[in-house]
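The values are calculated or read from the model by the stated rules, or taken from the named source; none is laboratory data. All values reported here derive from a predicted model rather than from experimental measurement. Here Cβ is always computed from backbone atoms with ideal geometry, including for glycine, and neighbour counts include all displayed protein chains.
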Amino acid sequence: MTKSVVIKRFLKDNKYIIHPNLVVKDSGSYAIPPYITEYNLNSTELLDKILYALEFSKEGGRPVEDPKTRHQEFLKAMGVKTMKALHDNTINLSLYVRDGIVVFVPWENKGSKEGFSGFKEDLTVKLPFNSPKEELVKALELALSRCK
C-alpha cells in the first residue's frame, strides 16, 4: 500500500498547507481532506503534521466528483482563488511511503502555466520509514531545501 502527502509552503506568509492524497493505481494521486493550514512551523512540528496527514491517505479509484468542482474546492482549501496565486512564491514537497520506505520528493515551481514539476536530476531523499525522528526531520529539511 502506498500513502502520500503534499506540503505547500507559501513563502511570503510562512504558511504551510498539508494534505493527504488519494492514490490511484497507474493514474496518480488526488488531493483529499483534511487540509491542514499552519504558520511558522519548525521542522519537527512540520514533520508531526505530515505524519498526522499521512494517516488519512488512502488508495482507491478515481474521484467521482466533477473535475471543475474538485479544482475549485482545492483552490479554496489552499486559500487562493487562482492558479496564479497558488504558484506565487510557493514551494511544493510531496512524500510517499511504500514498502517501509519514505521518499521525500522536491518539486520545481514553474508558474501557473506549467505547474509544479519534477526535476531532471533525482533530488529525492529516501530512508526507512521507521528511522529515528531526528533522521526524518533531517531528510525533510534537506528535501525542502531542494524545492524551487
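Quick one: how many residues across the stretch 1-32 are assigned to a loop (DSSP other than H, G, I, E, B) and hydrophobic (A, V, I, L, M, F, W, C)?
Residues meeting the conditions: 3.
Looking at Ile101, Ile91, which is the one that is surrounded by 12 or more Cβ atoms within 10 Å (Cβ to Cβ) and farther than 24 Å from Pro33 by Cβ?
Criteria check complete, one pass: Ile101.
With respect to Ser112, is the statement that it is surrounded by fewer than 16 Cβ atoms within 10 Å (Cβ to Cβ), farther than 18 Å from Pro20 by Cβ and in contact with a helix residue (DSSP H, G or I) (Cβ under 6 Å, 6 or more places away or on another chain) true?
So Ser112 passes the test.
Inside the stretch 1-41, can you point out the residues that are crowded, with 18+ Cβ neighbours inside 10 Å, modelled with pLDDT of 90 or more and under 16 Å from Arg62 (Cα atoms)?
The answer is Lys3, Ser4, Pro20, Asn21, Leu22, Val23.
Against the definition (touching a strand residue (DSSP E or B) at 6+ places or on another chain (Cβ under 9 Å) and on the phi < 0 side of the Ramachandran plot), how does Val125 come out, yes or no?
Considered against the rule, which asks whether it is touching a strand residue (DSSP E or B) at 6+ places or on another chain (Cβ under 9 Å) and on the phi < 0 side of the Ramachandran plot, Val125 comes out as yes.
Search the stretch 60-72 for residues that are over 18 Å from Lys84 (Cα atoms) and pair each with any residue that is among the aromatic types (Phe, Trp, Tyr) when their beta-carbon atoms are under 6 Å apart and the residues are at least 6 apart or on different chains.
Pairs that qualify, where the first residue is over 18 Å from Lys84 (Cα atoms) and the partner is among the aromatic types (Phe, Trp, Tyr), are Pro63/Tyr30.
So is Lys76 touching a strand residue (DSSP E or B) at 6+ places or on another chain (Cβ under 6 Å) and closer than 19 Å to Asn21 by Cβ or not?
no
What is the number of the single condition among (1) over 20 Å from Leu140 (Cα atoms); (2) modelled with pLDDT of 95 or more; (3) of a type in the set (Asp, Glu) that Glu45 does not meet?
Here Glu45 clears every test but (1).
Evaluate the following for Lys133: is it within 24 Å of Glu55 (Cβ to Cβ), over 14 Å from the mean Cα position of the chain (by Cα) and charged (D, E, K, R)?
Spelling it out, Lys133 is indeed within 24 Å of Glu55 (Cβ to Cβ), over 14 Å from the mean Cα position of the chain (by Cα) and charged (D, E, K, R).
Which members of the stretch 48-72 meet the condition of being in contact with a strand residue (DSSP E or B) (Cβ under 6 Å, 6 or more places away or on another chain) and assigned to a helix (DSSP H, G or I)?
Within the stretch 48-72, Lys49, Ile50, Ala53, Leu54 meet the criteria.
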